[in-house]
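Written out below as structure tokens is the structure these notes cover.
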Amino acid sequence: IEQHSASASRKDITLLIGKDEGVIQADNHRMVQIIGNLVSNAVKYSPPQHFVTVSSEILEGRVRISVADEGPGISPDERKNLFKAFSKLSNKPTGGETSSGLGLWIVKELVDLHGGEVGVDCPPDGGSIFWVELPVHVPAAKATGD
């Protein structure tokens, strides 16, 4: 959140932390990169004076980390190209930012290396919710019943 507060502030976008639950075992630097790319995109494609929310919850033995925005959403036709290298969609950044088309591809590659999944939900009323799911970390003592 701190990493993207300046760019969000320039667009009068409020960054929020929602529900915060679950523990994962992952490379800290790569998780900062994963979540950072998702937050950066949410800020980049959101209109001014809106919200971006980062949250996590436990779902069926996995931790789902979500980044939700209030942008235009992504058309069903373009969703299949989201996590491909150099993929650029018809939506344009709302503040003149640039895009290499690599951010979501990098997210997918890093999440795959962590044994997780990545995806997007696009509610009918607009916005996008990009999510990453990784296995819940169970400390060794609890895993064995000790």
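General remarks:
- Pair list, Cβ < 9 Å and 6+ apart or interchain, from region 70-82 residues that are surrounded by 15 or more Cβ atoms within 10 Å (Cβ to Cβ) to residues that are among the charged types (D, E, K, R) and modelled with pLDDT of 85 or more: Gly71/Lys44; Gly73/Asp125; Leu82/Lys108
- Any hit, region 49-63, residues being touching a residue at least 60 places away in the same chain (Cβ under 8 Å) and buried (at least 20 other Cβ atoms within 10 Å of the Cβ): yes
- Applying the condition of being in contact (Cβ under 8 Å) with a residue 40 or more places away in the chain and open to solvent by less than 30 Å² (accessible area, probe 1.4 Å) to region 5-17 and asking which residue is farthest from Leu104 (Cα to Cα) yields Lys11.
The values are calculated or read from the model by the stated rules, or taken from the named source; none is laboratory data. Keep in mind that what you see is a predicted model, and the values were worked out from it rather than measured. In this analysis, Cβ positions are derived from the backbone assuming ideal geometry, glycine residues included, and neighbour counts consider all displayed protein chains. For the accessible areas, the whole protein counts, side chains as well, though only heavy atoms, and no ligand, DNA or RNA atoms are used. Shrake-Rupley method; radii C 1.70, N 1.55, O 1.52, S 1.80 Å.
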